[in-house]
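Presented below is the structure to which this report refers.
Here, each number is a calculation from the coordinates, and none is a lab measurement. All figures in this text were calculated on a predicted structure; none of them were measured in a lab. Here Cβ is always computed from backbone atoms with ideal geometry, including for glycine, and neighbour counts include all displayed protein chains.
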Amino acid sequence: MRMSSASTARGSAYLTALTLEIEKKLQRALASATQRRNLLQELFADIALEVDDRSKDIIFGEEDAISATDDGYVSPVCFYDVLADHFVRVPQNGKSILDLIVQLWSQLFDSNIFSLLFHKWLFEFQLDNPEVLLRYSSALVQGATNVFWIDIQTNARRFQSLFQYLLEEVALDSDRLKYIPSQTQRDLFLLLSRFLFFYNSVDKLESFLRHFPEFPNAFLIGGASDIFVIELSDQLQKLKVEPVLLHYLSHIKVLQGLELRMATSTRLKTCLYSFTSPGGPMYPTRAVRHAAWDELDFLFPVGRYPRHLISLFFRLLYPWYWPSSCWNFVVSCIQAVFYSLLRFVFSGWENLTRRSHS
């Protein structure tokens, strides 16, 4: 029992020391206008770092310490994960930090830091002031948007635990969702719609659509499915990282069966079609073009052959693409013949083996 108490005290002391370091850096940023942006950027980078092995031994030491398994963290566990829990368990340690963040509201990286450190605290402690709640919840959505885009640009999942909390513990929890203002609820759902595919949460899509808040212009743009597809289409147009775009396209098939308005369906079709041709303005790679064709043909089988014929016609208008197209066609044919021969050889070998055994 002494070992457990000692380990718990050691972990608490370590987290308290971390909060003091964060407070000192925020104070320095507040005092120095010229170094403010750099200091906030450094602080953001520090709390976004993965927890090293030595720190894990201290923080996750014993049964009373914060547990990565108990809290459902995904790998990697970052410092903002444990600090967000710490500020819920020991809220007084975060009060001075929150006060300093509020004084730096207009600064770049400030909302990012707030969203990482206080996303759980915001929903665990009821705020009586509606203006303060609106300010905090708006900063949360803005900060989450910024950090999710950082993950997009680096093709990482460092902030996946923040996304999962906002999705599973807020958006899919009616009580917590109703706690924040209506406009922020709508902004949150628009945000989650744009990153649902990226953070591998397509299995939550049906439940997510059922919890969609009411939008004042729903009679113009449609219901939850339409709004989700509109946000997804806009997101696809903004993606410039090939692996991320391919990841999004690999999940598009889940949209089959959604009841969409004609305008929304056309918007999605146009979006996918824009990735099927080489050159400007998208300049998609060959892998992206093929993935887009596959998803387009799957979701919109009607008109499949005319689309391909029209695409071929326009390709013929650009002779500089002919050599690469011919080369890829020849390579594809050789690969198809080679794999067919391999299947023939292996099937023949299996038949001979079966006959010998029989």
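Quick look at the values:
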read-out: Local electrostatic count, Arg157, Cβ distance below 15 Å [Lys/Arg +1, Asp/Glu -1]; value: -2
read-out: Nearest-0.05 FRET efficiency for Asn146 and Thr34, computed from C-beta distance (R0 22 Å); value: 0.45
read-out: Excluding exposed DSSP-loop GluC sites (Glu not before Pro) (at most 15 other C-beta within 10 Å), longest clean stretch of the chain; value: 64-213
read-out: Distance between the stretch 137-180 and the stretch 256-306 - C-alpha centres, whole angstrom; value: 28 Å
read-out: Tensor-based shape of the chain (alpha-carbon gyration tensor, a/c under 1.5 rounded, otherwise prolate or oblate); value: prolate
read-out: Degrees between helix 262-273 axis and first principal axis of the chain (Cα, 0 to 90, nearest 10); value: 80 degrees
read-out: Cα pair count fraction exceeding 24 Å, expressed as % - the stretch 73-193; value: 20 percent
read-out: Tilt relative to the chain, helix 130-154 - C-alpha long axis, 0 to 90 degrees, to 10; value: 40 degrees
read-out: Net charge of Cβ neighbours under 13 Å - reference Asp175; Lys, Arg +1; Asp, Glu -1; value: -1
read-out: Cα-based helix-to-principal-axis angle, 286-299 vs the chain, degrees rounded to 10; value: 80 degrees
read-out: Asn129 paired with Asp57, simple spin-label distance in nm, labels 7 Å along Cα-to-beta-carbon; value: 4.4 nm
read-out: Amide H contacts of Cys78 (H built 1.01 Å from N, under 5 Å, at least 5 apart or other chain); value: Val51
read-out: Segment Thr154-Asp99, extension gain: residue separation times 0.36 nm, minus the distance between their alpha carbons; value: 16.7 nm
read-out: Straight-distance crosslink candidates among lysines, where the alpha carbon sits under 20 Å from Lys95 and sequence neighbours closer than 8 are dropped; value: Lys24, Lys25, Lys120
read-out: Inter-label distance for Trp349 and Asp46, nm, one decimal - labels placed 7 Å from Cα along Cα-to-Cβ; value: 6.0 nm
read-out: Selected from Pro284, Pro306, Pro181 as most flexible by GNM, with the chain as the system and alpha-carbon contacts under 10 Å; value: Pro306
read-out: Within a Gaussian network of the chain (alpha carbon springs, distance under 10 Å), most fluctuating of Ala45, Ala84, Ala224; value: Ala45
read-out: Contour excess over end-to-end distance, with Cα ends at Ala336 and Leu220 and 0.36 nm allotted per residue; value: 36.9 nm
read-out: Gain upon complete extension [Leu108, Arg304; 0.36 nm per residue less C-alpha separation]; value: 65.9 nm
read-out: Net charge of Cβ neighbours under 14 Å - reference Phe148; Lys, Arg +1; Asp, Glu -1; value: +1
read-out: Estimated FRET transfer efficiency (Val90, Ala263; beta-carbon r; R0 56 Å; 0.05); value: 0.65
